[in-house]
Amino acid sequence: MQRTPAELTPQTMADATADPTGDARAPAGAMPGWVWALPGGPGCARHARSVLRNALASLGAPCDAIADAQLMVSELATNAHQHAGEHGPHELWLYVADGDPSAGGAGGGAGEVRCAVFDALADAALPGYSWTSGDCGRGLSIVRELSGERWGMRRTVSRLGPPVRGKAVWFAVPGATAVLS
């Protein structure tokens, strides 16, 4: 399931999304895609940005979509480290949404490239945000804005190693859907 960025092509994306096992561990009701382990500690966000940049570049995503995706994944990986640091594993997922509205967010989303950060802190909720709320929550407003409001959270299980219950916070990568056509 885990692939190096050099192996990511539209053809391998199609191959990776075929799930003959019917594995219920797919992120947010979607197809398998790719999974990378994220390190604990402050290097979590840096590693997530690097892996996602290489993966999206290998898929031919536009540079501006890659830059926006790197900022969004940095916010989510930082949140995973800060708020769920002791609740590993932490994983980075890249996958294609199947268009199921129960997968989160508004609208369809079939064929939409999504990225998610998984952590094992399943009971956490996404905080609300207001400009007067202090230091917390601003990163999620960036994710909301850059993803065109195509983001959300789903309680699910890890995909590397033995299943661990947790949550995946995901966002759509605007501009990356054309990569798959």
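For this structure, a couple of remarks:
- Checked across region 173-180, the condition of being assigned to a loop (DSSP other than H, G, I, E, B), open to solvent by less than 10 Å² (accessible area, probe 1.4 Å) and either modelled with pLDDT of 90 or more or closer than 25 Å to residue 54 by Cα (or both) holds for at least one residue.
- Flag if residue 6 is open to solvent by 20 Å² or more (accessible area, probe 1.4 Å), over 23 Å from residue 98 (Cα atoms) and modelled with pLDDT under 85: yes
- Any hit, region 142-151, residues being of a type outside the set (Ser, Thr, Tyr), under 17 Å from residue 49 (Cα atoms), at pLDDT 90 or above and open to solvent by 10 Å² or more (accessible area, probe 1.4 Å): yes
- Check on residue 108, modelled with pLDDT under 90 and more than 16 Å from residue 154 (Cβ to Cβ): yes
- Taken over region 79-91, the criterion of being touching a residue at least 12 places away in the same chain (Cβ under 8 Å) and out of contact with any Cys (no Cβ under 7 Å at 6 or more places or on another chain) is satisfied by 79, 83, 84, 85, 87, 88, 89, 91.
The values are calculated or read from the model by the stated rules, or taken from the named source; none is laboratory data. Quick caveat: nothing in here was measured; it's all calculated off a predicted structure. Quick reminder, even Gly has a Cβ in these numbers, built from the backbone with ideal geometry, and neighbours come from all protein chains shown. With ligands, DNA and RNA removed, areas are computed over all heavy atoms of the protein, side chains included. Shrake-Rupley method; radii C 1.70, N 1.55, O 1.52, S 1.80 Å.
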